[in-house]
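Encoded as structure tokens, the structure appears first; notes follow it.
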Amino acid sequence: MNINDGADAPYWNGLAEGRLLLPRCGGCGEWLWPALSRCGTCGSEEIQWVERAMAGAIFSWTRTWHRFGFTESLDLPFVSIVATVDDCGIRLLGRLDDPDQIDPLIGEAITGRVGATRVEGRDIPTIIWSRG
Ligand SMILES: [Zn+2]
């Protein structure tokens, strides 16, 4: 798996540096996710990568109790979430710190930091979200 190819390479390279970079159209200002090389709204190919705070709200979540592919390194259970990033509306998949196994609330405020998920011997940058 090569995570540094393609239209979303700046996202992955940003995470590797501890920064959240998200794509915005330089033509019309639309946030674009998944990352594209051309804006679907206005057709511009001017994509700007804008740093955003790792802050957002829980859009959805699930707690996983059984292993499946690529989760070998995670302690069970773990909580996957889709987070809506503040001030841009982009939704990102990530993991939620879940020390007490208290069910998250939809819309709950969260903040993120960059961690890693070990997949097939490689550390893939991952946003680890925490409540509050
Ligand atoms: Zn556009």
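The values are calculated or read from the model by the stated rules, or taken from the named source; none is laboratory data. It should be emphasised that the depicted structure is a prediction, and the values quoted were computed from it without experimental measurement. Here the Cβ positions follow ideal geometry from the backbone for every residue, glycine too, while neighbour counts run over all protein chains shown. Keep in mind that these areas ignore ligands, DNA and RNA; they rest on the heavy atoms of the full protein, side chains included. Shrake-Rupley method; radii C 1.70, N 1.55, O 1.52, S 1.80 Å.
Shape index of the stretch 81-132: Rg/Rh, with Rg the Cα radius of gyration and Rh the Kirkwood radius from the inverse mean 1/r over Cα pairs, equals 1.00.
With the charge dipole of the stretch 53-132 set up from +1 on Lys and Arg Cβ and -1 on Asp and Glu Cβ about the Cα centre, the Cα lying farthest toward the positive end among the listed residues 64, 121, 92 is that of 121. With contacts taken as Cα pairs under 8 Å at a separation of at least 6 residues, the chain carries a relative contact order of 21 percent.
Averaged over its residues, the stretch 1-52 has an accessible area of 56 Å² per residue, based on protein heavy atoms and a 1.4 Å probe.
With n ≥ 4 as the cut-off for DSSP H runs, can you work out [θ] at 222 nm for the chain, using -39500 (n - 2.57) per run divided by the number of residues, rounded to the nearest 500? Before the final figure, lay out each step's value.
Numbers: 1 runs with 8 residues, N = 132.
One gets -1500 deg cm²/dmol as the mean residue ellipticity at 222 nm.
Of all chymotrypsin sites (Phe, Trp or Tyr not before Pro) in the stretch 7-110, which ones are in loop regions per DSSP and have a Cβ with at most 14 other Cβ atoms within 10 Å? Here the sparse-neighbourhood loop sites are 65, 68, 70. Relative contact order, whole percent, for the stretch 1-52 stands at 34, derived from Cα pairs under 8 Å and 6 or more residues apart. Heavy-atom accessible area with a 1.4 Å probe sorts 88, 42, largest first, into 42, 88. Altogether, the Stokes-Einstein calculation at 10 °C and 1.306 mPa s, with the Kirkwood radius of the chain over Cα pairs as Rh, returns a diffusion coefficient of 101 µm²/s.
Evaluated at q = 0.23, 0.24, 0.25, 0.28 Å⁻¹, a Debye calculation over the C-alpha positions of the stretch 1-52 (equal weights, vacuum) places log10 I(q)/I(0) at -0.79, -0.84, -0.89, -1.04. Across 119, 50, the residue with the most accessible area heads the list, and the full order at a 1.4 Å probe is 50, 119. Annotation: amide H of residue 60 within the under-5 Å range of 82, sequence separation 5 or more or interchain, hydrogens built in the peptide plane.
Rounded to the nearest 20, the Cβ-based charge dipole of the chain about its Cα centre (Lys and Arg +1, Asp and Glu -1) stands at 80 debye.
Qualifying GluC sites (Glu not before Pro) in the stretch 51-111, where qualification requires a DSSP coil assignment and no more than 12 other C-beta atoms within 10 Å, comprise 72.
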